[in-house]
Amino acid sequence: MLPLMQHLNLRLPTILAPMAGGISTPELVAAVSNAGGLGSLGAAYLTPAQIREAGAAVQRLTRRPFAVNLFAPQPNVTPTASEVERAAAELAPFHASLGLHPPELTAQADPDFGLQLEAVLEVRPAVLSFTFGRLEAQHLEALKSLGILTVGTATGLEEAQQLETDGIDAIVLQGGAAGGHRGGWLEDELADTLTLTRAAAKSIRVPLIAAGGLMNAADVRAVLDAGASLAQCGTAFLRATEAGTSAPYRAALAAAKTGDTVLTRAFSGRTARGLRNAVTEGVQQPLPYPLQNALTRSMRAAGAKAGRADVLSLWAGEGVAHGRAGTAAEILESLWN
Ligand SMILES: Cc1cc2nc3c(=O)[nH]c(=O)nc-3n(C[C@H](O)[C@H](O)[C@H](O)COP(=O)(O)O)c2cc1C
């Protein structure tokens with residue numbers, strides 16, 4: 001295969017991180033691809049119909065390559081009734097403050113991965129990236145047969161080696177500074193992005209994509225010098241004009257200082273990095289992912305409408321204080337020139 005950047009016909013060595021939950025809008029994805037980077041659509045929470053719709057929306061806005069991102073299927077978990085009660089009780093005061101009934105775990109099923117993947121195959125993006133685990137061989141084969149590049153996420157060397165063994169085309173190395181969910185499945189050492197990139201470059205043969213805390217051109221240059229083919233940036237784009245970031249989230253990001261992020265399971269049940277707030281401080285016994293995510297859904301939706309940053313998942317990386325507002329194209333240029 002040609003080097004990744006040439007293969008994808010990129011002008012700039014930067015990927016817009018997929019950001020599920022409505023942040024990586026089709027407008028943001030297309031703006032980054034049109035400006036010479038690789039836009040990624042965070043599709044993990046979308047139904048198959050929504051994936052087709054969002055994919056078509058991107059394709060109306062750009063003819064350049066883009067990626068679609070999904071969460072690898074997770075094992076089923078069944079909590080006890082008392083675990084559910086405890087988790088709901090912790091959230092009840094936040095619900096009350098928004099005028100909502102206490103949360104209940106409804107039987108709403110998670111999106112079916114196989115059906116999501118079918119929709120992605122129809123959209124036929126240049127890249128399917130995934131996080132939270134490995135994909136089955138049959139799924140990788142289906143993607144490869146259509147010429148769709150496969151990109152997995154590793155938080156450490158052992159995970160990167162497993163992905164390489166699976167035969168995927170490139171690996172995102174997610175350092176500990178990264179905003180959003182931790183993408184790994186083995187023990188997470190929260191490695192420094194640069195250190196992890198250097199170590200992986202010595203032993204891994206497939207192209208590497210470094211992620212976590214990359215906020216300016218010097219950061220991007222450093223990971224490329226360390227052996228990465230591309231850089232993946234999320235937090236840097238959260239305040240982009242085209243992003244779906246809500247108003248209270250934007251205000252919290254603009255006010256954030258270095259040291260304001262924490263790792264928390266409070267919102268989804270899976271460890272993620274975001275700005276500290278009342279929920280990250282108040283919730284001690286969340287249910288496992290994806291159940292806690294379902295339990296906090298109505299709170300997050302009502303909080304966004306009410307302008308209440310104290311009840312929102314404010315995912316952000318350790319570099320958050322170096323973020324800026326502007327168009328996606330301006331932010332993308334600032335990550336290289
Ligand atoms: C708001 C937000 C949402 C994210 N959602 C996803 C996602 O859906 N899929 C994924 O693979 N990574 C997701 N990530 C993680 C990014 O892929 C990437 O690892 C991270 O943004 C890099 O660190 P940075 O935020 O410091 O740039 C998300 C990150 C953020 C900030």
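The values are calculated or read from the model by the stated rules, or taken from the named source; none is laboratory data. All of these numbers come straight from a predicted model, not from anything done at the bench. With ideal geometry, Cβ positions are generated from the backbone for all residues, glycine too; neighbour counts draw on all protein chains shown. All accessible areas refer to the heavy atoms of the entire protein, side chains included, with ligands and DNA or RNA removed. Shrake-Rupley method; radii C 1.70, N 1.55, O 1.52, S 1.80 Å.
Roughly to the nearest percent, how much of the accessible area of the chain is carbon and sulfur, given a 1.4 Å probe?
Percent of accessible area from carbon and sulfur atoms in the chain: 52.
Keeping all protein chains in place, calculate the accessible area per residue for segment 144-193 (probe 1.4 angstrom), answer in Å².
Details: 1780 Å² over 50 residues.
Each residue of segment 144-193 exposes 36 Å² on average to a 1.4 Å probe.
Under 5 Å between amide hydrogens, which residues at least 5 positions from L149 or on another chain qualify, with H placed 1.01 Å from N in the peptide plane?
V127, L128
Can you figure out the FRET efficiency of A57 with L146, using R₀ = 25 Å and their beta-carbon distance, to the nearest 0.05?
FRET efficiency, A57 to L146: 0.80.
Place +1 on the Cβ of every Lys and Arg and -1 on the Cβ of every Asp and Glu in the chain, take the dipole about the Cα centre, and give the residue among A200, G37, G176 whose Cα lies farthest towards its positive end.
G37
Could you work out how far helix 48-61 tilts from the main Cα principal axis of the chain, as a 0 to 90 degree angle to the nearest 10?
50 degrees
For segment 100-153, report the % of Cα-Cα distances exceeding 18 Å.
40 percent
Mean 1/r over all different Cα pairs, inverted: what Kirkwood radius does segment 1-93 give, in Å?
After inverting the mean inverse Cα-Cα distance, the result is 15.3 Å.
Computed over the Cα atoms of segment 107-264, what is the ratio Rg over Rh, Rh following Kirkwood?
With Rh from the inverse mean 1/r over Cα pairs, Rg/Rh is 0.98.
Compute the normalised compactness of segment 242-335: alpha-carbon radius of gyration over 2.2 N^0.38 Å, N being the residue count.
Details: Rg = 13.8 Å, N = 94, 2.2 N^0.38 = 12.4 Å.
In units of the globular-protein estimate, segment 242-335 measures up at 1.12.
Dividing the convex hull volume of the alpha carbon atoms of the chain by its residue count, what do you get in Å³ per residue?
122 Å³
Compute the separation of the alpha-carbon centres of segment 40-59 and segment 294-337 and state it in Å as a whole number.
Each part reduced to its Cα centre gives a spacing of 20 Å.
Compute the projected area of the convex hull of the Cα atoms of segment 153-224, averaged over all viewing directions, and report it in nm² to one decimal place.
Mean orientational projected area (segment 153-224, Cα hull): 4.4 nm².
Among the lysines, which fall within straight-line cross-link reach of K202, defined as a Cα-Cα distance under 30 Å, with same-chain neighbours fewer than 8 residues apart omitted?
Cross-link targets: K144.
State, as an integer percentage, the relative contact order of the chain based on alpha-carbon contacts under 8 Å between residues 6 or more apart.
On the way: 725 pairs, mean separation 62.4, N = 337.
In percent, rounded to a whole number, it is 19.
What share of all Cα pairs of segment 174-317, in percent, falls into each consecutive 10 Å distance bin?
11, 37, 33, 16, 2
If ligands, DNA and RNA are left out, what is the accessible area of M5 with a 1.4 Å probe, given in Å² to the nearest 10?
Using a 1.4 Å probe on the heavy atoms, I get roughly 60 Å².
Using a 10 angstrom cutoff on alpha carbons, build the Gaussian network for the chain and name the most mobile of H139, H95, H322.
Greatest mean-square fluctuation among the candidates belongs to H139.
Give the separation of the Cα centroids, segment 94-124 to segment 142-184, in Å.
Cα centres, segment 94-124 to segment 142-184: 24 Å.
Mind putting a number on the dipole of the chain about its Cα centre? Charges go on the C-beta only, +1 for Lys and Arg and -1 for Asp and Glu, and I need it in Debye to the nearest 20.
Value, rounded to 20: 820 debye.
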